[in-house]
């Protein structure tokens, strides 16, 4: 399979693969439910109507999708640059807390929201800097450094939540984002805030960045073939820095829109039960969305729908939470397969056999490298 | 990679066949006389205490009154409001029970949006005419186990007792405040009996979670290393981890039975650990609360407002003989023990309790009487400042 820019027909074929993967995933999920004695028809009816059945359900799905678009973008930007950036989790914790911190002051609404977003973005970017610097200067693999920093961020967040930002009246959470700092609800009576616009806007910006600017071209070139890109004059350290900082921006933003947009509490609870996992779920969303900002938007809405519909599965089909999670996991797993296949065949073709190719070329007469 | 249409077709047909076969209509059940929803927080079921008690009580009410119970577990804190709201929106539930303090904001918001829907919340107060708020006097029950712990630790020669807590929410401050008072009272009672005050100290940790069992084990191990003789579990499912640490400590000494002991919480957990590693439990009758609320809805006597369940109405208490058999059924139902284990567990438990001198049990019973009669008032705390005040009054340091 060729790993270069696809024409329209190529994109349709890729979409086909994703759809088939999804169908198979749902079929396997149904099989599992039958094996355990649950009714998949009623379950899936509840799932789909709970995800997209009416305005309320669709709003809930979009609300779930809002932070996932952003954390998926973090991973996707890294992936397009040939790197495995899984630091969104830690960055989003700090982004959320940065947004909460702004509520310690008293500000008018427009400035308040803008400032919270800026703080959150900066927090995410600052947290991604060590990863970028370590990789650029010492070649430290980003998987290791991001995971370590995720843990550090988690415990730092626990400390901030319990001791510094704690609500004096309700010790189990931070102070709530002040009224003026909250993103207005888009659909009253649901969890959907204007944060969805922020996420969509970010996705479009990243798309334009990667496909319509020089630096975006350089990033993608570095992702396809690092040796050729370096040979062509693209400086690796610049790409690394740019990719991680931009990823940090979106991850921090994810934390901010979640805590500023999600009713009823608008705060971070001790143990962070509402934002934990958003980073890694974003990874799955990026995979399903084929690491393309537009695909990510659809994948995030789908994923958000799975979560929202899953609640309805519990409520109306009496499918217990554990089984809901099994079905969700199965579907996501199958949906991620097309991208995983592409990723691994890409690896096989370019990175590892590069040395073999060099040796073979030198053996042929007249060929030099 | 070419996808094979044939393969897809075969899978599709196979699935349809299987689903078709599974569509054999189920035997029709009697139409339920009502529906009750139980919404749980991220701690979820399987804690063998708080959430399981809520389920148990509602389940019993459903059986007794012919209701259908629907259990909704929250996968993440973002699900609290959508879950409660979804249940209210469906307009098919006579009562929505929310188990736990963490669901407060969700219930408050949903109760405003759906004023005709009846709600009940445990461990929190939501002021709305359609919400019944049931709170417990955990401080009173904790005082009893604190006194017991202090005296038993002194009797077996341990300098400390411990407490493994969850998240620093006001409910848990009730536990900590009562426990401190109880330990202090126990020290004084010991001094009266044996002429020296053992000054049993308190080691406590807020683990910050109600679901990570491993943290309970870690915290307990640390306390056991500092010679804590009893560890009070105030974090629901973390008790399972606490008990693991205690069991390992006991086995490392070549024994089967404690000390050190665990003190269970919410449900009667004395049967855990083969009946001789959990000395007592601080019962919090969440099951009775859920049962009463469901009964009230069925009988039409449901009223919004505050219900306080203390020692006097057996809303809380220390585990005693008759409770053990009832809760062993709980354990059997959860698959943790089998019916065959029952006799062994009961005899182990009786041995364990018999080895504690009777004057200690009498002192605890005496404290209970004094609290019920109002002679003794157990301190309480609802905010961090109040908790700090209680901490400085009963520092329990050595």
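Where a number appears in this text, it was derived from the coordinates with a stated rule and is not lab data. Only a predicted model underlies this, so the values are computations on that prediction, with no experimental measurement involved. Because the Cβ atoms are built from the backbone with ideal geometry, glycine has one as well, and the counts that use them run over all protein chains shown.
Using Cα pairs closer than 8 Å and at least 6 residues apart in sequence, work out the relative contact order for chain B, in percent. Normalised by residue count, the contact order of chain B is 18 percent. Take the alpha carbon gyration tensor of chain A, find the square roots of its eigenvalues, order them as a ≥ b ≥ c, and report rounded if a/c is under 1.5; if not, report prolate when a/b exceeds b/c, else oblate. Cα axes put chain A in the oblate bin.
Evaluate E = 1/(1 + (r/R0)^6) for residue A:156 and residue A:84, where r is the Cβ-Cβ distance and R0 equals 35 Å; express this FRET efficiency to the nearest 0.05. Provide the component values of the computation, followed by the final result.
Values: r = 23 Å, r/R0 = 0.66.
According to the calculation, E is roughly 0.95.
Would you work out if region A:1-140 is rounded, prolate or oblate? Take a ≥ b ≥ c from the square roots of the eigenvalues of the alpha-carbon gyration tensor; rounded if a/c is under 1.5, else prolate when a/b is larger than b/c, oblate otherwise. Taking the square roots of the gyration eigenvalues as a ≥ b ≥ c, region A:1-140 is oblate. Take the Cβ atoms of residue A:230 and residue B:248, set R0 to 60 Å, and the FRET efficiency comes out at 0.65.
Express in whole angstrom the spacing between the alpha-carbon centres of region B:99-127 and region B:324-367. That distance is 36 Å.
Summing -39500 (n - 2.57) over the DSSP H runs of n ≥ 4 in chain B and dividing by its residue number, what mean residue ellipticity at 222 nm do you reach, to the nearest 500 deg cm²/dmol?
Working: 13 runs with 192 residues, N = 398.
Using -39500 (n - 2.57) per qualifying helix, the result is -15500 deg cm²/dmol.
Note on chain B: GNM, Cα springs under 10 Å; of B:350, B:137, B:227, the largest mean-square fluctuation is that of B:350.
Each part reduced to its alpha carbon centroid, region B:165-192 and region A:72-144 end up 42 Å apart. To the nearest ten degrees, helix A:8-35 and the longest principal axis of the Cα atoms of chain A are 50 degrees apart. One Cα centroid belongs to region A:228-300, the other to region B:214-289; the line between them spans 42 Å. Remark on region B:249-349: Rg and Dmax equal 16.6, 57 Å (Cα only).
Shape call for region A:33-77 from the C-alpha gyration tensor, a ≥ b ≥ c root eigenvalues: rounded (a/c under 1.5), prolate (a/b greater than b/c) or oblate? Spell out each step's value before the answer.
Values: a/c = 5.00, a/b = 1.70, b/c = 2.94.
Because a/c hits 1.5 or more and a/b fails to exceed b/c, region A:33-77 counts as oblate.
Axis of helix A:214-224 versus longest Cα principal axis of chain A: the two differ by about 70°, to the nearest ten degrees.
Rounded to the nearest 10 degrees, the angle from helix B:104-113 to the longest Cα principal axis of chain B is 40 degrees. Averaged over the residues of peptide B:99-109, the number of Cβ atoms from other protein chains lying within 10 Å of each residue's Cβ is 3.
Fewest-first ordering of B:356, A:131 by other beta carbons within 10 Å of each residue's beta carbon gives B:356, A:131. For residue B:76 and residue A:54, a Förster radius of 25 Å and the Cβ-Cβ distance give a FRET efficiency of 0.65, rounded to the nearest 0.05.
Among A:218, A:167, A:54, which one moves the most in a GNM of chain A with springs linking Cα atoms closer than 10 Å? Among A:218, A:167, A:54, the largest GNM mean-square fluctuation belongs to A:54.
Suppose the chain between residue B:255 and residue B:113 were pulled fully straight at 0.36 nm per residue; how much longer would it get relative to their current alpha carbon spacing? Before the final figure, lay out each step's value.
Details: separation 142, 0.36 × 142 = 51.12 nm, distance 5.76 nm.
Stretched fully, the residue B:255-residue B:113 segment lengthens by 45.4 nm.
Structural descriptor for region A:57-351: relative contact order 36 percent, calculated from alpha carbon pairs under 8 angstrom and at least 6 residues apart. Extension gain, residue A:137 to residue A:280, is 48.8 nm, computed as 0.36 nm per intervening residue step minus the present C-alpha separation.
With a 10 Å Cβ neighbour count serving as the proxy for reagent exposure, in which order, fewest first, do B:132, B:309, B:151 appear? Please report the intermediate quantities before stating the final value.
Details: B:132 24, B:309 21, B:151 29.
Result, fewest neighbours first: B:309, B:132, B:151.
Compactness ratio of chain B: Cα Rg over 2.2 N^0.38 Å, N = residue count?
Chain B yields a ratio of 1.09.
In plain terms, the residue of B:127, B:368 with the fewest other Cβ atoms within 10 Å comes first and the most crowded comes last, giving B:127, B:368.
Counting only Cα atoms, the size of the protein assembly as shown along its three principal axes is 101, 62, 59 Å, in decreasing order.
Pick from A:242, A:158, A:197: which residue has the top mean-square fluctuation in a GNM of chain A where Cα pairs under 10 Å get a spring? In this elastic network of chain A, the residue with the biggest mean-square fluctuation among A:242, A:158, A:197 is A:197.
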